[in-house]
């Protein structure tokens, strides 16, 4: 069986664990759908748990150059050595022309595959999502809260959930369409009001409000940029207060942004000057006024994500910042 999957990274950038995890995910999703279990790979857990390896010391199955390897052409013959799944990669614009069948005298033939021995199934990638929100074409700014409350339980659940969701979204983006037109660009920012020092340079601790990957510039969603952004995101550590105003201001100032995705777990705790003198209501109003002043006719679109429901105090604040009430999502 041959499956069509997304394009690989350039030759000089060997596929890492993310690529192989993606391949496995899409293949399991296809298997689940074929068995009538929907497209959730987790639906296969019961079936997969019942599988055992013939050789427990060698829990893998390799693929040979020829298929079937044993008794080719023989009907109803089963052999583990004949099992083969081939994943083919194509860059945008490199349509699999050679895989398309040619018809001669009413019969289909394939240049690369014998239809008597192979079943070719194009594997279409689902659209990229950020915690369930479909990411359409455009220039996306991801703004992540890394204040101390993102690790308030001491387990890192919230900050790790934010990191995993963000990395998953980044690797779902595509640099261009099949026609070579720019499709997705992205920027990644994080905010907190913690103080950091640089002992190596003898610098004292200074307030660090907004951290910017790649200096906060918008970049194409290429493999190189996705891997670099992943490394940066995984290095983020929570600490300090919640300076939502400074974070939103930086996100809204990224040139060309069509969407801003704000993920936060708490109310603002400092004002635009970095002080804590204002009340919670005043801090929220300050951020809301900034968003209203920086957006025109709903652009860029503000989408917010939080850990509380929309009718909770935090939920209502994030709904207030979103372009529409439907642009808030509880995660």
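Exposure proxy for 49, 148: other Cβ atoms within 10 Å of each Cβ, ordered fewest to most, give 49, 148. Cβ-to-Cβ counts within 10 Å put 141, 233 in ascending order as 233, 141, the fewest first.
Would you list 262, 236, 44 from fewest to most Cβ contacts within 10 Å? Don't jump to the answer; show the numbers that get you there.
Details: 262 26, 236 19, 44 16.
Fewest to most other Cβ atoms nearby, the residues stand as 44, 236, 262.
Modelled spin-label separation between residue 217 and residue 282, with each label point placed 7 Å from Cα along the Cα-to-Cβ direction: 4.0 nm.
Every read-out reported here was derived from the displayed coordinates using simple, explicitly stated rules and does not represent laboratory data. A quick note: this is a predicted structure, and the numbers were derived from the prediction, not measured. Backbone-built Cβ (ideal geometry, glycine too); neighbour counts: all protein chains shown.
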